[in-house]
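Each reported figure results from applying straightforward, stated rules to the coordinates on display, with no laboratory input. The structure presented is a predicted model; accordingly, all values stated were derived computationally and were not measured. Quick reminder, even Gly has a Cβ in these numbers, built from the backbone with ideal geometry, and neighbours come from all protein chains shown.
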Amino acid sequence: MKPIFVDRFLIVCLPALVLLAAIGVSQIRQRWILAGSLVVLLLLSVRKIPWYGAQLEKEDWRGTTSYVVSHASPKDGIVFYTSYGRLGFDYYARRLRPRSQTCKVAFPDRLDFNAATKVDPDDSLLASLPQQYEQIWLFVRFNELDPQLQRRDRSIEAILASEYPNAIEKRFRGMRVLQYSRGERVVDP
C-alpha cells in the first residue's frame with residue numbers, strides 16, 4: 001500500500017488552501033493581529049524551502065550507471081542503499097547494454113512496489129557478500145539529508161570495509177558509488 005499523504009499527491013490542494021488562507025486573513029480587522037498572522041504564515045512557508053531545494057537535486061543515474069557498467073566484471077555485485085535506487089540503475093543499464101548484464105545486483109534482488117516500508121540491506125547479507133563476489137559496488141543516494149540514513153550508511157560502509165580492504169569512492173551529482181575490492185583489481189576513478 002502506498003502512502004497518499006505525500007506532497008506531490010497533495011499539490012492539487014494548494015490553490016484551494018491559499019484561497020482559504022487569503023479569505024481568513026482578509027477577515028481580520030485589527031492590524032496587529034493581521035500582521036502577526038501574516039508573519040506566522042510566512043514563517044511556516046519559508047521553513048521548508050531549504051529542505052525542498054535540497055531534495056530536488058537531480059541524480060546522475062546515467063553517468064553513474066555508465067561508469068559502473070563499463071568498469072564492473074561478471075564476478076562483481078551491486079548493492080543499493082536505499083533500495084529504491086535500483087530503479088534508476090535498471091533503467092539506464094538496459095539502455096547501455098540491453099542484452100548483457102556485466103554484474104549481478106546483490107541487493108535488492110527485486111523491488112517490491114507494494115511494500116509499506118523501504119528495505120535496507122541487513123548485516124548478515126552484507127557479511128555474506130565476500131563468499132559470492134570479488135568486488136562490491138555500493139550505490140548511496142541522498143543520505144546527506146537524513147541523520148538516520150547517514151548512520152546506516154556508515155554502518156554498511158564499515159561492514160563492507162571489514163571484508164573488502166580497498167575502497168574507491170566516485171561522486172556523481174546527487175549520489176556516490178563506492179567500489180570495494182580485496183585488492184586484486186581496483187579501477188581508478
Among 159-167, 11-19, the order from most to least packed when residues are scored by Cβ within 10 Å on average: 159-167, 11-19
The range 157-171 - phi-based ³J(HN,Hα) in whole Hz, Karplus 6.51/-1.76/1.60, Gly and Pro as x: 4, 5, 5, 5, 5, 6, 9, 10, x, 9, 9, 10, 10, 10, 9
Segments 73-81, 124-132 sorted - mean Cβ within 10 Å per residue, highest first: 73-81, 124-132
Placed amide H near TYR133: partners under 5 Å, 5+ positions off or other chain: none
